[in-house]
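Taking it in order: structure first as structure tokens, then the write-up.
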Amino acid sequence: MERTSDTTFHEIKRVSDIEELLLKLIKNGCGRDPGYTPTSETVPMSDIHGFDSLTALEVLTELEEATGIDVSEEIFYVDLKPKRYLPIRSIAAAIWDQLNAQRSRHA
């Protein structure tokens, strides 16, 4: 995956900043279907052909490299057993919560 953003940990001011970055990274990760454009309501693990746990890991690695935000692959799921998947908007909100927790620990 090529680098798509130079957003830093401190430049993210709103959950919509994370959502926008995720949309870019996920679209970039849709190499098998380059014409596909995800939306905030897209559930990557079920709506995008070929998007799997490896693709999710690649997206999260790129997110971490671009921003310094460290999140686990499980962020794409509501529950692990049985797996229920989240839409991009909910993933961004969960990352936002983790980011704020990280900021609190570093304050």
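The values are calculated or read from the model by the stated rules, or taken from the named source; none is laboratory data. Note that the structure is a prediction, hence the values are computed from the model and not measured. Heads up, the Cβs are rebuilt from the backbone with ideal geometry, glycines too, and the neighbour counts pull from every protein chain shown.
So in region 46-89, with the set limited to residues that are assigned to a helix (DSSP H, G or I) and in contact with a strand residue (DSSP E or B) (Cβ under 8 Å, 6 or more places away or on another chain), which one is surrounded by the most Cβ atoms within 10 Å (Cβ to Cβ)?
At the first step, the residues of region 46-89 found to be assigned to a helix (DSSP H, G or I) are 46-47, 53-67, 73-76, 88-89.
From what is left, the residues that are in contact with a strand residue (DSSP E or B) (Cβ under 8 Å, 6 or more places away or on another chain) are 46, 74, 76.
Working: Ser46: 12, Glu74: 14, Phe76: 24.
My answer is Phe76.
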When residues of region 17-45 are limited to those that are over 28 Å from Arg103 (Cβ atoms) and of a type in the set (Gly, Ala, Ser), the one surrounded by the fewest Cβ atoms within 10 Å (Cβ to Cβ): Gly35
What do you reckon, is Pro44 touching a Phe, Trp or Tyr at 6+ places or on another chain (Cβ under 9 Å) and modelled with pLDDT of 85 or more? yes
Quick check on this structure: which one of Arg3, Arg103 is outside any helix (DSSP H, G or I) and modelled with pLDDT under 85? Arg3
Return the pair list, or none, for Cβ contacts closer than 8 Å from residues in region 47-68 that are within 21 Å of Trp96 (Cβ to Cβ) and without any contact (Cβ under 8 Å) to a residue 60 or more places away in the chain to residues that are among the acidic types (Asp, Glu) and surrounded by fewer than 18 Cβ atoms within 10 Å (Cβ to Cβ), at least 6 apart or on different chains. Ala56/Glu73; Leu57/Glu73; Leu60/Glu73; Glu64/Asp70
